[in-house]
């Protein structure tokens, strides 16, 4: 274990200032008999510079929660606090102001970009959003080059390309370059590596960690892969049917799980040093 | 040594693009699978895993074209057969294929039993419907699927159930080889486990004789298959048993790939992930030398210009690198 890794494993975030927190956040779809409670009275505290993972299976409410965090949908009940103050995103102007503080990387890189916008226009937009409109052309180019270097892309090769001319891994890295330029307080990554293969996944994860270390932003990482969550995060929240069944430091949650659901989730993942027990599977139970 | 169920000898296939350019997607692949054994293929996106699977079952529809090589299933050479003939005589009985999006392969307007009738009647046109139903009910019960599923439509089933149904339908005629192309990558871990358990039962009960499993999830391959091959840019770069490949990879590419495994086990957090920078070569003009040389940390000038043959070593293992096994291991241990 390197020194950096050791430091990462031991950092305690509880005394850091709060970045985003929620009290009794609930989302209900439909009403009457058809009511579905997607997110059920969840409380959470995300601190500055913390790498948080939210882990759960399909349909556990991860994406609904992330939409509420981003302000793309409103919570039915409860309160979300941004930097200690209740969040106000009532108007378009306030929403845009909020989005300067929180940005996202989505699962599908192919639908994350505007097809008609070239790569440099995408990056230029980010600089303008950060109030860099008055900068000279050279300064803007330098900033874009720096961002591309950070994600191992060559800006000179990209300038005249459209996003669809890039591969999935490259697009996802371009997305990280955007975040690098925008420097938000919070980055919400919704399964950013589920559509890329193992090698690109390693590259992207390392970049996210570097980004966090360099800018000190809070990263909220949403995934169904518990192995990945364990590798990357400081804090892990386990979600089942809209509720957090367990949360805590990654080492504690993954290596000494307490909730039955967490235990099952961990035992269902194929491992390489331990036997993967298939005898517990009852094929008839699903039917 | 068991009976060889599937043998592929120096298989070469290509895609022809709209602009009449050739893309050599599978370039000289050879391997064998014995009866009762399973083989896994790992590699990154675009390395030719799925093309290899399609080529093996004779699915030569444009833009995919057969070039050369032999595919021998249980002593019968099927290479170069007409696709229509392959469908009538080979698919379902000799070889079965589960595609990546198997869950979407079911026609929503048909009941599950219709698919089974289709498969069976393609090979035995005179078979009675009642007989087919009895056969299907028995097989479904053995695999833990409720016989009632037969009268359901695909939309009434969950993702994991659909995937298991597809597997049950495609193996109803006891094929000799089952090719599974990422059968569980769209499922969550619990359903994945059920799919794998079912495939294992098919093997144990002898309904399928051998299996080829394609995925980029290495921990899964390690747990499911006996042997693993790593593919890169249309070629096999290393082959060995699952244990050897995960804990003792030789080729620099496999070494990098195994370094990127993520599992929820103690010690994973401390390790450095083995990211491999760069992108694979363009297969329209594959390089003369080693295809991995551009991305390899240990490449020398020789690597770029010398064509590298498959080099056997150890107990039936093979790798494709200019450097010696001991030399490579020494380099890795020094890191």
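The values are calculated or read from the model by the stated rules, or taken from the named source; none is laboratory data. A quick note: this is a predicted structure, and the numbers were derived from the prediction, not measured. Glycine gets a Cβ as well: all are built from the backbone with ideal geometry, and neighbour counts include every protein chain shown.
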- Give just the number: which of (1) in a helix (DSSP H, G or I); (2) surrounded by 15 or more Cβ atoms within 10 Å (Cβ to Cβ) does residue A:75 not satisfy? (1)
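Based on what the data block shows, is residue A:261 more than 20 Å from the chain's Cα centre (by Cα) and either assigned to a strand (DSSP E or B) or under 29 Å from residue A:28 (Cα atoms) (or both)?
Numbers: more than 20 Å from the chain's Cα centre (by Cα): yes; either assigned to a strand (DSSP E or B) or under 29 Å from residue A:28 (Cα atoms) (or both): yes.
Yes, satisfied.
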- residue B:149 versus (1) assigned to a helix (DSSP H, G or I); (2) more than 8 Å from every other protein chain (Cβ to nearest Cβ); (3) surrounded by 20 or more Cβ atoms within 10 Å (Cβ to Cβ): which is the lone unmet condition? (2)
- Any chance segment B:159-168 includes a residue that's assigned to a helix (DSSP H, G or I) and away from chain A (no Cβ under 12 Å)? yes
- Query: Among the numbered criteria (1) within 26 Å of residue A:48 (Cβ to Cβ); (2) in a helix (DSSP H, G or I); (3) over 15 Å from the mean Cα position of the chain (by Cα), which single criterion is violated by residue A:132?
  - Reply: (2)
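If you take the residues of segment A:158-172 that are part of a helix (DSSP H, G or I) and within 12 Å of chain B (Cβ to nearest Cβ), which of them is nearest to residue A:123 (Cα to Cα)?
Applying the first criterion (part of a helix (DSSP H, G or I)) to segment A:158-172 yields A:158, A:163-165, A:168-172.
Filter again for within 12 Å of chain B (Cβ to nearest Cβ), leaving A:168-170.
Values: A:168: 18, A:169: 17, A:170: 14 Å.
Per the stated criteria, the residue is A:170.
Do we find a residue being touching a strand residue (DSSP E or B) at 6+ places or on another chain (Cβ under 8 Å) and at the interface with chain B (Cβ under 9 Å from one of its Cβ atoms) anywhere in segment A:280-287?
Narrowing segment A:280-287 to residues touching a strand residue (DSSP E or B) at 6+ places or on another chain (Cβ under 8 Å): none.
Checking segment A:280-287: not a single residue is touching a strand residue (DSSP E or B) at 6+ places or on another chain (Cβ under 8 Å) and at the interface with chain B (Cβ under 9 Å from one of its Cβ atoms).
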- Note on the structure: Taking segment A:235-257 and keeping only residues that are within 11 Å of chain B (Cβ to nearest Cβ) and in contact with a helix residue (DSSP H, G or I) (Cβ under 6 Å, 6 or more places away or on another chain), one is left with A:236, A:250, A:254, A:257
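If we keep just the residues of segment A:187-206 that are surrounded by 20 or more Cβ atoms within 10 Å (Cβ to Cβ) and more than 9 Å from every other protein chain (Cβ to nearest Cβ), which is farthest from the chain's Cα centre (by Cα)?
The residue in question is A:193.
Looking at B:2, B:36 in this structure, which one is more than 17 Å from residue B:233 (Cα to Cα), surrounded by fewer than 17 Cβ atoms within 10 Å (Cβ to Cβ) and touching a helix residue (DSSP H, G or I) at 6+ places or on another chain (Cβ under 8 Å)? Explain how you work it out, then say what you get.
Numbers: B:2 fails: touching a helix residue (DSSP H, G or I) at 6+ places or on another chain (Cβ under 8 Å).
None of the others qualify; the one that does is B:36.
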- Item | Residues within segment A:212-228 that are surrounded by 20 or more Cβ atoms within 10 Å (Cβ to Cβ) and more than 23 Å from residue A:247 (Cβ to Cβ), tallied | 0
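With the requirement that a residue be in contact (Cβ under 8 Å) with a residue 12 or more places away in the chain, touching a helix residue (DSSP H, G or I) at 6+ places or on another chain (Cβ under 7 Å) and within 14 Å of chain A (Cβ to nearest Cβ), what does segment B:114-143 give you? Give the steps one after another, and end with the answer.
Of all residues in segment B:114-143, those in contact (Cβ under 8 Å) with a residue 12 or more places away in the chain come to B:115-117, B:119-120, B:122-123, B:129, B:132-133, B:135-137, B:139-140, B:142-143.
With touching a helix residue (DSSP H, G or I) at 6+ places or on another chain (Cβ under 7 Å) added as a condition, the list becomes B:115-117, B:119-120, B:122, B:129, B:132-133, B:136-137, B:139-140, B:143.
Result: B:137, B:139, B:140, B:143.
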- Apart from one, (1) in contact with a helix residue (DSSP H, G or I) (Cβ under 8 Å, 6 or more places away or on another chain); (2) within 14 Å of chain B (Cβ to nearest Cβ); (3) under 30 Å from residue B:188 (Cβ atoms); (4) buried (at least 16 other Cβ atoms within 10 Å of the Cβ) all hold for residue A:80; the odd one out is (2)
- Single residue of B:311, B:284, B:297 found to be away from chain A (no Cβ under 13 Å) and at pLDDT 90 or above: B:311
- Item | Pairs, first surrounded by 15 or more Cβ atoms within 10 Å (Cβ to Cβ) in segment B:67-90, second in a helix (DSSP H, G or I), C-beta under 6 Å, six or more apart | B:71/B:56
- Report, by residue number, each residue of segment B:170-203 that is over 21 Å from residue B:120 (Cβ atoms), more than 15 Å from the chain's Cα centre (by Cα) and assigned to a loop (DSSP other than H, G, I, E, B). B:186, B:187, B:188
- Item | Among the residues listed as B:255, B:216, the single one being surrounded by fewer than 24 Cβ atoms within 10 Å (Cβ to Cβ) and facing chain A (nearest Cβ under 10 Å) | B:216
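Given the condition crowded, with 23+ Cβ neighbours inside 10 Å, away from chain A (no Cβ under 12 Å), assigned to a loop (DSSP other than H, G, I, E, B) and touching a residue at least 24 places away in the same chain (Cβ under 8 Å), answer yes or no: does some residue in segment B:232-246 qualify?
Yes, some residue in segment B:232-246 is crowded, with 23+ Cβ neighbours inside 10 Å, away from chain A (no Cβ under 12 Å), assigned to a loop (DSSP other than H, G, I, E, B) and touching a residue at least 24 places away in the same chain (Cβ under 8 Å).
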- Query: in contact with a helix residue (DSSP H, G or I) (Cβ under 9 Å, 6 or more places away or on another chain), in a helix (DSSP H, G or I) and more than 7 Å from every other protein chain (Cβ to nearest Cβ) - does that describe any residue in segment A:216-229?
  - Reply: yes
- Looking at B:267, B:206, which one is in a loop (DSSP other than H, G, I, E, B), on the phi > 0 side of the Ramachandran plot, surrounded by fewer than 24 Cβ atoms within 10 Å (Cβ to Cβ) and within 14 Å of chain A (Cβ to nearest Cβ)? B:267
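Yes/no per residue for (1) modelled with pLDDT under 90; (2) outside any strand (DSSP E or B):
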site	(1), (2)
B:96	no, no
B:100	yes, yes
B:114	no, yes
B:117	no, yes
B:130	no, yes
B:133	no, yes
